1. Which FRET efficiency, nearest 0.05, do Glu186 and Lys82 yield, Cβ-Cβ r, R0 45 Å?
2. Quick check: net charge around Leu211, other residues with Cβ under 13 Å of its Cβ, Lys/Arg +1 and Asp/Glu -1?
3. Mind checking region 187-216 for GluC sites (Glu not before Pro) that DSSP puts in a loop (not H, G, I, E or B) and that have at most 14 other Cβ atoms within 10 Å?
4. Given a cut-off of under 8 Å on Cα pairs at least six residues apart, what relative contact order in percent is computed for region 75-180?
5. Determine the principal axes of the Cα atoms in region 138-196, then give the extent along each, sorted from largest to smallest and rounded to whole angstroms.
6. Along the charge dipole of region 109-257, pointing to its positive end and built from +1/-1 on Cβ of Lys, Arg, Asp and Glu, which listed residue (Val165, Thr196, Ile246) has its Cα farthest out?
7. Please report, to one decimal in angstroms, the Kirkwood hydrodynamic radius of region 102-256 built from all distinct Cα-Cα pairs.
8. Rounded if a/c is under 1.5, else prolate if a/b is larger than b/c, else oblate: which is region 107-150, with a ≥ b ≥ c the root eigenvalues of its Cα gyration tensor?
Amino acid sequence: MSENNFEEFNNVTNDVNIEELPYSEEAAGLAVREASESAQLIAEMEEEADDLHESEFEERRKKNKKVVKKKTVAEEILDWLKTICIGIIAGVLLVIFVIQRDDVKGRSMMNTLQSGDVLFTQKISTYFKWYSRGDIVVLDGEDMEGYDHDEYLIKRIIGLPGDTVKIENGNVYIKEKGSSDFFMLEENYLEPGTKTTIRGMDPSETFELTLGEDEYYCMGDNRPESKDSRALGPFTAKRIKGVAVIRLYPFNSIRLL
């Protein structure tokens with residue numbers, strides 16, 4: 001019982017002073033009736049208070065309750081179509097801007113890559129020119145003098161912008177931009193005993209070329225058969241279409257590149 005209820009009860013009972021009434025059946029009946037009325041009044045007040053609390057609770061519950069609307073068949077189909085469209089768009093954007101599949105044709109990258117291999121190449125590097133020496137890249141040779149094919153080339157980056165590339169005695173030497181010394185390039189990806197030469201040049205002659213700020217010197221791993229920068233010249237950054245990430249096929253030869 002609340003404090004207010006007790007006060008109202010006291011007010012009611014204080015109006016009846018049993019000690020001042022003469023003892024009689026009438027007085028006793030009056031006292032009983034007064035007490036009964038007081039108890040009934042208190043019970044009604046408590047019931048009203050409980051009803052008020054229940055009403056407030058129910059109102060809040062309805063207010064906070066989330067209404068879940070059952071979808072119609074048409075709405076379900078529309079949701080599925082939206083999901084499929086989003087998936088298709090995401091896939092197209094992924095292929096256009098992020099990753100692509102490339103098939104290897106020819107022998108120029110043997111024995112690292114074989115004709116018929118399937119690669120996944122990433123395009124992110126092409127937007128920021130994030131290339132490293134040794135990267136295997138997909139190149140567009142269109143309109144380059146000496147290249148008359150429609151297919152892209154797959155080669156390895158040997159020289160970076162500003163490098164000086166020297167081919168001497170079957171080896172490749174690099175002088176990096178800002179350096180005064182050459183170092184011999186360690187090419188563990190080549191078959192043992194492979195010699196790098198320039199077609200039409202005497203093997204005893206020295207070839208040397210300094211690359212421009214936007215030029216890359218690229219060669220195939222199968223040096224005797226590869227048609228690359230030794231014949232076509234350096235490739236500009238805009239001709240690099242992707243960097244090979246992984247060989248996906250044949251399945252027994254899956255590996256990162």
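1. 0.25
2. -2
3. Glu205, Glu213
4. 16 percent
5. The principal-axis extents, from largest down, are 38, 31, 18 Å.
6. Of the options given, the answer is Ile246.
7. 15.9 Å
8. oblate
Read-outs throughout are calculated quantities, based only on the coordinates presented, and are distinct from any laboratory measurement. Remember, it's a predicted structure, so these values are computed and weren't measured experimentally. Methodologically, a virtual Cβ is constructed for each residue, glycine included, from the backbone with ideal geometry; neighbour enumeration extends over all protein chains shown.
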